[in-house]
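The values are calculated or read from the model by the stated rules, or taken from the named source; none is laboratory data. These numbers come from a predicted model, not from an experiment. Heads up, the Cβs are rebuilt from the backbone with ideal geometry, glycines too, and the neighbour counts pull from every protein chain shown. What goes into the accessible areas is simple: the full protein's heavy atoms, side chains included, and nothing from ligands, DNA or RNA. Shrake-Rupley method; radii C 1.70, N 1.55, O 1.52, S 1.80 Å.
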Amino acid sequence: MIEDDLRAAFARHEPLTPSTGPLRVAIDRLAAVRRRRRQRFQAAGVTLALLAALGVGVPQLRPDRPAEGPSLSGQPAGAQSGALNVLLLGVDGFGEEPSHRLADSVLLVHIPADRSRPYLISLPRDLEVSIPGRGTEKLNSAFYSGKPRPDLDAGYDLTRRVVADLTGVRVDAGAVLTFTGLRRITDAVDGVEVCLPTEVRSWHTRRTFPAGCQRLDGAASVDLLRQRRYLPDGAFDRDRNAQRYVAALIRRAVAQDVLTNPVRLTALLSAAGKGLAVDDDGLPLTRLVAVLPELKTVDPVGLSLPVGPPVDNASRLPLDPKQGPAFLAALREDRLAQWVAQHPEQVNPVR
């Protein structure tokens, strides 16, 4: 009797229940977008592994072998013309998912159309920028403002948008590296040689890094790149040390044939684990790596975005009213070589 009454009640109310079709479609759409975003960051290493295993794309990654077969655009497979810009973010915080992350190292790698050499452009962490939904803030807080927190992809997406708006250039690809990822990548290449102009003392571990060239393992590299308190120019010196580290990592990767060997590159990316997130949504990583053998030299030029003194003692740094716009115009117009020739004092030695 009770079961019959329940069935009758459900039968009477079922026509009144709103259709779940539109809701189901909306949920599926959001889930698909979320999956695509995560795949964009996590699939790069897997893609390279598959390419290596299948023998696909290997010719275009090796400088001594021509690419075979045209692409859909009519260009050789892997070909990429024009200047390229890659955004590298170094974020703080220990552990897999800390509740708070800031991008304290923001580095834009500019590869000119003539493939002469890469330029490492540091954007100060305290640079005054406009962050959607936050107003005027420091550049490093853009990463924290990305939602949902503390996802690396959300923080990267918002920071990329801010950097693109600030510089006026398209960001073709990028990566986020945590302390853990940096340590693992450094150890995977058996350390890097960094040359320091002056002694650096660690505020965190009391370690001393002497002036001159020295081989650093992963833990030492993390320690060095965290330092700014005892440095004469504070965060600016930390940015310069980040440039020295990236230049040293590039040299080490070249010496070990990592950049032209997809198997070794895959192993290096995999070593970082969850400490590395790669964005190759605009420019597939395979095409980005294919550009590297075209460079006349991999020794980069270190530069910093010109900024003025802090605003109203708020420690936010405005763009230098004279040199800042001129520098950004040179970046947008792919004229950094000329700008460097006119402003040699602005170059940061990276070795």
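Within the range 260-286, the residues that satisfy the criterion of being over 17 Å from the mean Cα position of the chain (by Cα) and either of a type outside the set (S, T, Y) or modelled with pLDDT of 85 or more (or both) are N261, P262, V263, R264, A267.
If the condition is being among the aliphatic types (A, V, I, L, M) and surrounded by fewer than 19 Cβ atoms within 10 Å (Cβ to Cβ), then the range 118-156 contributes only A154. For residues that are at pLDDT 95 or above and in a loop (DSSP other than H, G, I, E, B), scanning just the range 322-350, find the one that is most open to solvent (accessible area, probe 1.4 Å). The selected residue is E333.
Of all residues in the range 302-321, those being among the hydrophobic types (A, V, I, L, M, F, W, C) and open to solvent by 20 Å² or more (accessible area, probe 1.4 Å) number 4. Considering only residues in the range 272-292 that are assigned to a helix (DSSP H, G or I) and among the aliphatic types (A, V, I, L, M), the one that is most open to solvent (accessible area, probe 1.4 Å) turns out to be L292.
Can you tell me which residue in the range 302-321 is modelled with the lowest pLDDT, limited to those that are in contact with a Ser or Thr (Cβ under 9 Å, 6 or more places away or on another chain) and assigned to a loop (DSSP other than H, G, I, E, B)? Step by step, filter the range 302-321, then rank; the result is R316.
Counting only residues that are farther than 26 Å from L152 by Cβ, open to solvent by less than 70 Å² (accessible area, probe 1.4 Å) and among the β-branched types (V, I, T), the range 174-207 holds 1 of them.
Every condition in (1) within 22 Å of L196 (Cα to Cα); (2) without any contact (Cβ under 8 Å) to a residue 12 or more places away in the chain holds for D312 except the one numbered (1). Of L295, L265, all but one fail to be open to solvent by less than 40 Å² (accessible area, probe 1.4 Å), among the aliphatic types (A, V, I, L, M) and within 29 Å of D151 (Cβ to Cβ); the exception is L265. Name the residue, out of R125, R101, R206, that is free of Cβ contacts under 8 Å to residues at least 12 places away in the same chain and assigned to a loop (DSSP other than H, G, I, E, B). Matching residue, one of R125, R101, R206: R206. Y144 - would you say it is modelled with pLDDT under 90 and of a type in the set (F, W, Y)? Here the answer is yes, as Y144 does meet what is asked. Selection within the range 170-210: residues that are farther than 19 Å from V106 by Cβ and touching a Phe, Trp or Tyr at 6+ places or on another chain (Cβ under 7 Å). The member of this set that is modelled with the lowest pLDDT is W203. Y245 meets each of the listed conditions (1) part of a helix (DSSP H, G or I); (2) in contact with a helix residue (DSSP H, G or I) (Cβ under 8 Å, 6 or more places away or on another chain); (3) modelled with pLDDT of 90 or more; (4) surrounded by fewer than 19 Cβ atoms within 10 Å (Cβ to Cβ) apart from (4). For the range 118-134, the criterion of being among the small types (G, A, S) and under 15 Å from P318 (Cβ atoms) is met by at least one residue. Going by what's in this entry, would I250 be described as in contact (Cβ under 8 Å) with a residue 40 or more places away in the chain, within 23 Å of V347 (Cα to Cα), hydrophobic (A, V, I, L, M, F, W, C) and outside any loop (DSSP other than H, G, I, E, B)? Yes.
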